[in-house]
Amino acid sequence: MKKFLVIGNPIEHSLSPKLHNYWIKSNGIDAIYEKQKLNESELEQVILQIRKKKIDGVNVTVPFKKAVIPFLDELTFEAKNTQSVNTIYLKNNKLIGHNTDIIGFETSIEMSGYNVFNKEVFILGAGGVVPSIIFALKKMEVSKIKISNRTKEKAENLKRFFKDIEIKEWGDVPNFDIIINATSLGLKKEDNLSLDLSLNSGNKFFYDVIYNPNETNFLKIGKKLGNKTLNGKLMFIYQALSAFNIWHKQKPDVNEDVIKLLDK
Ligand code: ATR
């Protein structure tokens, strides 16, 4: 039986095992997908298990997407350009680090039916997932990316990789067509971004990377102000689908049952 793992800290709330095990079963694959909470000092040991073929693939989540890089042999183009790895596999005895958050985000936008070409994007947050979102948006040829983060320095650091992004003060709301909440504010039901979004609203696109709760206050406000909204569920599903496809060489189904799986 093949073994797969998602590693992170915390990891209790990860829905990756639920999703992958559903697809493993529905595709009749002999495998199991588990979660493991780690400290950074244990990373090397776990990754070594892939080299020894004791584990067949690993998903990496917060806060280790960058920290795993020194233990890998090669990065794919996507992982290299975001310094972010969420999927690891062995190919020709080499440990490969790949990033499927990019395709996950890109597919979620495509599925939403919104055309981002030539649009202005405003991203809130500068955490682990943001380089992947920027990479995908640039690929989709948006016209401008503006970023604001509570800790401005972290937003400034992103400029090293993505030179043409514009940094805004935390609290400022510039013009945008699409606004993306990539902060962790919203994970708790009572969380509120204290930003006045009412001036720049109506016919915009509010995207929240968070999918649990289903509708954050950010999305509720967006909807109330007459904007299109989308949560992070499709992004999560499609990053998982891409990893599944790499490991099992099969393209699993995304149906109503899969979407419901992620509702707690
Ligand atoms: P990490 O920062 O370790 O990569 P993350 O979950 O990927 O963790 O990112 C959390 C994001 O949510 C960060 O952009 C964080 O802002 P800081 O860089 O200033 O910490 C943002 N965030 C978390 N709590 C916040 C809050 N109360 N107000 C504003 N932003 C917040």
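The values are calculated or read from the model by the stated rules, or taken from the named source; none is laboratory data. The structure presented is a predicted model; accordingly, all values stated were derived computationally and were not measured. FYI the Cβ positions are ideal-geometry reconstructions off the backbone, even for glycines, and counts take in every protein chain you see. Accessible surface areas use protein heavy atoms only, side chains included; no ligands, DNA or RNA. Shrake-Rupley method; radii C 1.70, N 1.55, O 1.52, S 1.80 Å.
When restricted to Cα atoms, region 78-194 yields an Rg and a Dmax of 15.1, 50 Å, respectively. For region 215-260, the Stokes-Einstein estimate of translational diffusion at 4 °C and a viscosity of 1.567 mPa s comes to 104 µm²/s, using the Kirkwood hydrodynamic radius over alpha-carbon pairs. Between the C-alpha center of region 144-193 and that of region 112-128 there is a gap of 11 Å.
Each peptide in 192-204, 118-130 receives the mean, over its residues, of other Cβ atoms within 10 Å, and ordering these scores from highest gives 118-130, 192-204.
When all alpha-carbon pairs of the chain are counted, what percent fall beyond 32 Å?
22
Pairs spanning more than 29 Å between alpha-carbon atoms, out of K52/K233; K154/K189; K154/K220: K52/K233.
For region 1-156, the share of accessible area belonging to carbon and sulfur comes to 48 percent (1.4 Å probe, ligands and nucleic acids excluded).
When peptides 177-188, 2-13 are ranked by their average number of other Cβ atoms within 10 Å per residue, the highest-first order is 177-188, 2-13. Placing one equal scatterer on every Cα of region 1-91 and applying the Debye formula, the log10 ratio I(q)/I(0) at q = 0.24, 0.25 Å⁻¹ is -1.29, -1.35. Tell me whether region 190-232 comes out rounded, prolate or oblate; compute the Cα gyration tensor, take square roots of the eigenvalues as a ≥ b ≥ c, and use a/c under 1.5 as the rounded threshold. Note, shape of region 190-232 comes out oblate. Note on region 163-264: Kirkwood hydrodynamic radius from all Cα pairs is 15.3 Å, rounded to one decimal. Counting charges near L185 (Lys, Arg +1; Asp, Glu -1) among other residues having Cβ under 13 Å from its Cβ returns a value of 0. Computed extension gain for S184 through R150, at 0.36 nm per residue and net of the alpha carbon distance, reaches 11.1 nm. What does the C-alpha gyration tensor say about the overall shape of region 4-157? Classify as rounded when a/c is under 1.5, otherwise prolate if a/b is larger than b/c, or oblate. It is prolate, given that a/c is not under 1.5 and a/b is the larger ratio. The fraction of all Cα pairs in region 143-209 landing in successive 5 Å bins from 0 to the largest distance is 3, 14, 24, 28, 19, 9, 2, 0, given as whole percents.
Calculated accessible area for region 72-111 comes out at 41 Å² per residue, all protein chains present (probe 1.4 Å; ligands, DNA, RNA ignored). Round to the nearest 10 and give me the degree value, 0 to 90, for the angle of helix 130-139's Cα axis relative to the longest principal axis of the chain. Taking Cα atoms only, the helix is inclined about 80 degrees.
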